[in-house]
Amino acid sequence: MAPVLNLVVPLLALAVLLGAAYMHLRPRTEALVAVAAGAAVLATGSLGRTDLNRERDHLLPVVLFLIAILVVAECCRAAGLFAAIGSRLAAGGRPRLMFAATFAVAAATTVVLSLDATVVLVTPVVMASAAASALSPRPFQLICVRLANSASLLLPVANLTNLLAMPDLDLSIGRFALLMAPVWLLVLGVEYVVHRIWFRDELAASPRAARGAPLPLPRFPLVVVAVMLGGFAAGSWVGPAWVAGGAALVLVLRGLLTGDVTVGQAVRAGQPGFALFVLSLGLVVAALGEGVFGDALAHVVPNDHGLVALLGVAAVGAVLANLVNNLPATLLLVPLVAGLGPVAVLATLIGINLGSSMTWAGSLANLLWRRTVRAEGGVADSRDFHLVGLLATPVSIVAGVVVLHLWSQLV
């Protein structure tokens, strides 16, 4: 009976957690669901003290980083950074130029402030800019969620999946970026071409009248973010959570002095309910990995270092991300692939990060984006989302893995 419970209870808990994420429950309700799911798994006894200590050491730094970077992003918004960027996006009135600028902003925000900042903070800005320019919002809002997943390949701090994989990678942030840089550039190129083709009619619209002078960019948050990035790159001995936490503290103190941010606003920005969700998800997935499900998955994963094997682990990552979401996919798959070396883990991340953009449930960022668009009075077009994903994602995964394989042999 125990083996059955150790499989059924974690599977049900995972289904409940993903269902709660899909329904966008209130933060307090989401936290209660997370606690209940985690408690149910712990009650089965499938995880011993050693397992719990391992998951704590693995997940806690990731969750603390997530809280800190969300606070940094909110302080940047409150200081007017995104409003100033939005005023620049719409200033020229030319659809293709605005699309190129939106593309650059979404990619840069994902790399610097993580994919959640892109879907939650950049999406409303570009929607407002498109409305002010009397342009269709479809190409501008979709590129935000596409690049939230695709552009997150460059740095570990850009995506929770990358951070969850770092303990099994044994790479510095600089080495991670060096290996992934050509993959990132290639993927961005594919995304740009596919979007320009898919939205060719919207982007061929007549230019609108140029708007007035753009808002000034606030310097203080830009300087703090630049120093934070330098800390990520230079301080490999200091965890990203500490660096982001320091930046968040500085920005919150500055915001309190200027009146841009309140204590309650900073606490809400950290999304403590979502942090509990991630911790609970880690426990549930750890329990799955210790049972029959983990054993079955281990038989599917290729066990060599060649290009075909790398394509195989990327494909498994993409499929698993769309079946159980990208975070559980990372927690389940990366430990199984880690023995093959860092290139295999990076290929897995290519499959997971890019593959998760093909279905709504593939990534929590997709669900956050859909909720954000609807909250702003827009339409999250399922046809655009899925067909653009079908056109861009398989090509990006295959090409990205091939480039990673060739580039890793040179550097």
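Every read-out reported here was derived from the displayed coordinates using simple, explicitly stated rules and does not represent laboratory data. Quantities reported herein were computed from a predicted structural model and do not represent experimental measurements. Backbone-built Cβ (ideal geometry, glycine too); neighbour counts: all protein chains shown.
Using a cutoff of 8 angstrom between alpha carbon atoms and counting only pairs six or more residues apart, the relative contact order for segment 176-319 works out to 9 percent. Distance between the modelled labels on L406 and L11, one decimal in nanometres: 4.3 nm (7 Å Cα→Cβ projection). Think of each Lys and Arg Cβ as +1 and each Asp and Glu Cβ as -1; about the Cα centre, that makes the dipole of segment 123-252 roughly 440 debye. Given +1 at the Cβ of Lys and Arg, -1 at the Cβ of Asp and Glu and no other charges, the dipole of segment 39-196 around its Cα centre is 600 debye to the nearest 20. Contact order, relative form, for segment 5-151: 19 percent (alpha carbon pairs under 8 Å, 6 or more residues apart, mean separation divided by residue count).
In order along segment 187-192, the Karplus-derived 3J(HN,Hα) couplings, from 6.51 cos²θ - 1.76 cosθ + 1.60 at θ = phi - 60°, round to 5, 4, x, 4, 4, 5 Hz, and Gly and Pro are given as x. Panel note: the C-alpha atoms of segment 49-197, placed on their principal axes, show extents of 58, 33, 22 Å (largest first). Could you tell me which of G189, L251, A233 has its Cα farthest along the dipole of segment 185-312 towards the positive end, charges placed at Cβ (Lys, Arg +1; Asp, Glu -1), taken about the Cα centre? The one lying farthest along the dipole's positive direction is L251.
Distance between the C-alpha centres of segment 81-153 and segment 1-42: 34 Å, rounded to the whole angstrom. With a Förster radius of 22 Å applied to the beta-carbon distance between R268 and V35, the computed FRET efficiency rounds to 0.70. Take every Cα pair under 8 Å whose residues are at least 6 apart in sequence, average their separation, divide by the length of the chain, and the relative contact order is 26 percent.
Reducing segment 281-343 and segment 354-405 to their Cα centroids gives an inter-centroid distance of 20 Å. Close amide-amide hydrogen proximity is noted between V261 and L256, each under 5 Å apart and 5 or more residues distant or on a separate chain (H modeled in the peptide plane; Pro and chain starts excluded).
Here the chain is assigned +1 on the Cβ of each Lys and Arg and -1 on the Cβ of each Asp and Glu. Its dipole about the Cα centre then comes out at about 1260 debye. Considering the options L368, V403, G294, tell which one lies farthest towards the positive end of the dipole of segment 285-411, charges being +1 on Lys and Arg and -1 on Asp and Glu at the Cβ, about the Cα centre. Of the options given, the answer is L368. Here the translational diffusion coefficient of the chain follows from Stokes-Einstein with Rh set to the Kirkwood radius across Cα pairs; for 25 °C and 0.890 mPa s it amounts to 113 µm²/s. Among 113-122, 98-107, 368-377, the peptide with the highest mean count of other Cβ atoms within 10 Å heads the list, and the full ranking is 113-122, 98-107, 368-377.
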